[in-house]
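Below: the structure, in C-alpha cells.
The values are calculated or read from the model by the stated rules, or taken from the named source; none is laboratory data. Just so it is clear, the structure is predicted and the values come from calculations on it, not from any experiment. For neighbour counting, all protein chains shown are included, and Cβ atoms are generated from backbone atoms with ideal geometry for every residue, glycine included. Just so you know, the surface numbers come from the protein's heavy atoms only, side chains and all, with ligands and any DNA or RNA stripped out. Shrake-Rupley method; radii C 1.70, N 1.55, O 1.52, S 1.80 Å.
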Amino acid sequence: MSTSEKFVQMVLAIVLFYSVMAIILLLTQRLRSRAGERVQAAAFLGPSLLLIGIGLLYPAIVTAWQSLHGAALFDPPFVGLDNYKTLFTNPQEITVLRNTLLWVVLTPLFSTGIGLGYAVIIDRARFEKFAKALIFMPIAISMVGASIIWKFVYDYKAGGSEQIGLLNQILVWLHLDTYNFLLTDPWNTLFLIVILIWIQAGFAMTILSASIKAIPDDIVEAARLDGVGGWKMFRYITVPSIRPSLIVVLTTITIATLKVFDIVQTATGGNFNTSVLAYEFYRQNFVAGDQGLATAIAVVIFILVTPVVIYNIRQMRKLEGR
Amino acid sequence: MTGVVTDAQIVDAESTPPQRSASEAAKDALSSRTASIVALVIAVIWTIPTFGLLVSSFRPEEDVKTSGWWTIFTNPSFTLQNYKDVLSGGSSQESLYNNLINSIVITIPAVLIPISLATLAAYAFAWMDFKGKYVLFIAVFALQIVPIQVTLVPLLKLYVDPPFNLMPLAGRDAPAGGLYELWISHTIFALPLAIFLLHNFMREIPGELIESARVDGAGHVQIFTRIMLPLMMPAIAAFGIFQFLWVWNDLLVALVFSSPEVSPMTVKLVSLVGERGQDWQLLASGAFVSLIIPLIVFLSLQRYFVRGLLAGSVKG
C-alpha cells in the first residue's frame, strides 16, 4: 500500500466507526419508556462488551485450557500440568524465573528509592521544574528507544580499538579493564534492569514529589519546632505521610516490570541468559512453536500479576477516599 | 479520576512558601543551594544517554562507527545524511519512512475508537438503569487484570481463521493490509481500563444536573452529547494521551499482529538492531525520529500527561 492509500484506509475506518455509532445513537434517542432504556443501555454498552467478551474473556479461557496441552499445532494432546512442571524444573526456564525475580525485586525498589530521594532533594530547590522534566523525560520514550539509547552506553569493542560505548570509555579513562556489559549472566540482567530503573524513576519521582508537597505545612512546622530535622524528618514525617503513595508507586512499577518484554527483545534478543517470563512467552510461542508452554507462561504471568493489581487498586481507592 | 494527588494540589504546593525565622531561612538557603546543585548534576547525568543518542544521530557514518559521540567536543563534524537515509521514501532497506507512516496510521484510530466506545459504556454504567448492571461492571473491572499475553494466541487465531465464514482480518487478503487487526486489538486492550476510569470520573458529576436535564425532556443521547462530553473533556484528554503513548510505543502487539507492510517504527527498529546492529548511525537517527513525537507531546502537555500516566499505570 502506498502512503496515501494507508491514510485513505485510516480515514475510511474512522468514518465507518463514527457513522455506525451515530446511526445507533440516532435510532435509540427517541426511546423514553422503561423498555426503551434497556435498548439504549444495550446500544451504549453493546459494542464495548462484545469486543471485551470476544477479545479478552474468550481468549483468556482458551489460553488457560491450552496451557494443559502439548506442543503440536493440530490436535495437541492433553498433558495436564506438564507444561507447568517444565516451567519450574527445566534449567533454562529456571534461569528465566531467576531473571524475572531479579527484575521484579530490583526495579521497583531502586526506581522508587531513587525517585523518593530525588523528590526530597529537589523539593523547593532552584531549577526544580527543569530538573524534574529531565528526570521524567524517559517515561515518554518507548522501551525500544530507551534500549537503543543504552546500547550507546553499554557498547563494547574488543581488543585495543577505540570504545564507542560511554561506560567502557569511562573505564578506559580510569585505566580500568573494559567490560562486555551485556554478555555474562547474571550481571547482564542487572544492566538491563538499569534501563527500566532509568525509565521508571521519573514516574516514581513525579508521584512522590506531588505527595510530599501535599503534606500539610503545619505538621512539618510542628516537627521542626520540636527540633526534628534532616534524616529524622525524612524518616518520621515524610515517609509515613506519603506511605500510601509509596505503595501505589511500588506496586505499579512491579506490574510494569512483570510484563517487561521490549527491553530484553531490543537489547539482547533474549540471548546470553537474559530472558524473562514475558519474553519467554513470546519466544516459546512465535519462535520455538511450543504453544502449550507459552500459554502456561502467560497463565503464570496472570497469576503473579493478579494479587499485585488487586492490592494496587485497593490502595488507590484508599488514597481517593481520603 | 484515579489520581493520588490532584493538579490543584500540585499547583497549591508550588505557590505557597512556608514561613520561617531569619536564621533558619539562611541555613535553609545554604543547604538548598547544595541540594540544588546535587539535583541538577543528577538530572544532567540522567539525560546524558539521551543526549548521546541525539549527538550520534547527527554524526557521519564513519565517525559513529569508530569513535564515541563525546569526541565531537574535540573534533566536531555533523551531517543530516542519517536523517535523509532514514526518512527517504521508497523501499530501501534502511528507510523508516513507511514505518513512520504506519505508526501514525495505526495510532490515530487506536486512540479515537476505544475512547469513544469507552465514554459511551461508562455513561451507561454511570447513569442508566438496567438489570445486571453491577455484575457487568464488576466483570469489566476485573478484566483489567488480564495481561495481554494471555489473550494473544487465541486472538491471533480468531483473526486468521474466524468462525461463521467471517472475513479473516489477517493474511494476504486482509482488508486495509491488516490494519484492522491492530486497530481492533488496541481497542480491546484499552477498553476495560478506559471504561473503569471514565466511569469513576462520570460518577463525580452531580446527579442533579442529569435529573434536571431529564425533567426538561432530554433523553440519554442528548444528555450524553450536550452535557457529558464537554464536562468529560479533561478526563478524555488525559486518557487519550496515555493511550497515544501506549500505542505509539507498543512493541508486543505490533510484533504479533502486524504484517511487514503495516509494521510500526518500534518493530522496524528492533529488526534494525538485529540485522544491522553495526549501523549505529541508522539506529540513532531512527530511534530519535520515533522518540521525538512522544517527547513533543510530553513537553507540551505535561500536566495531562502525568494524570494520564498515573491513571493508566496498571494497564497491559
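Quick notes on this structure:
- Exactly one residue out of A:Thr100, A:Thr107, A:Thr63, A:Thr89 is within 33 Å of the chain's Cα centre (by Cα), open to solvent by 30 Å² or more (accessible area, probe 1.4 Å) and either assigned by TED's automatic domain parsing to the domain that holds A:Thr295 or β-branched (Val, Ile, Thr) (or both): that is A:Thr89.
- With respect to the conditions (1) at the interface with chain B (Cβ under 9 Å from one of its Cβ atoms); (2) part of a helix (DSSP H, G or I); (3) closer than 30 Å to B:Ile104 by Cβ, A:Met1 falls short on a single one, namely (2).
- For the stretch A:267-310, taking the residues that are over 15 Å from B:Val146 (Cα atoms) and open to solvent by 40 Å² or more (accessible area, probe 1.4 Å), the one that is farthest from the other protein chains (Cβ to nearest Cβ) is identified as A:Asn273.
- Selection within the stretch B:274-286 - under 23 Å from the mean Cα position of the chain (by Cα) and aliphatic (A, V, I, L, M): B:Leu283, B:Ala284
- Residues located in the stretch B:215-261, provided they are within 28 Å of B:Asp161 (Cα to Cα) and in contact (Cβ under 8 Å) with a residue 60 or more places away in the chain: B:Trp246, B:Val247, B:Trp248, B:Asp250, B:Leu252, B:Val253, B:Ala254, B:Val256, B:Phe257, B:Ser258, B:Ser259, B:Glu261
- Subset of the stretch A:219-245 (residues that are small (Gly, Ala, Ser) and part of a helix (DSSP H, G or I)): A:Ala222, A:Ala223, A:Gly230, A:Ser241, A:Ser245
- Being facing chain B (nearest Cβ under 10 Å) and outside any helix (DSSP H, G or I) is a property that A:Arg38 lacks.
- Hey, B:Leu231 more than 19 Å from A:Ala256 (Cβ to Cβ) and either of a type in the set (Lys, Arg) or not assigned by TED's automatic domain parsing to the domain that holds B:Leu53 (or both) or not: yes
- Residues in the stretch A:147-161 include at least one that is free of Cβ contacts under 8 Å to residues at least 12 places away in the same chain and among the polar types (S, T, N, Q).
- Identity of the residue in the stretch B:15-59, open to solvent by 40 Å² or more (accessible area, probe 1.4 Å) and outside any helix (DSSP H, G or I), that ends up modelled with the highest pLDDT: B:Phe58
- Out of B:Ile138, B:Ile108, sole residue that is closer than 20 Å to A:Val20 by Cβ and either touching a residue at least 60 places away in the same chain (Cβ under 8 Å) or part of a helix (DSSP H, G or I) (or both): B:Ile108
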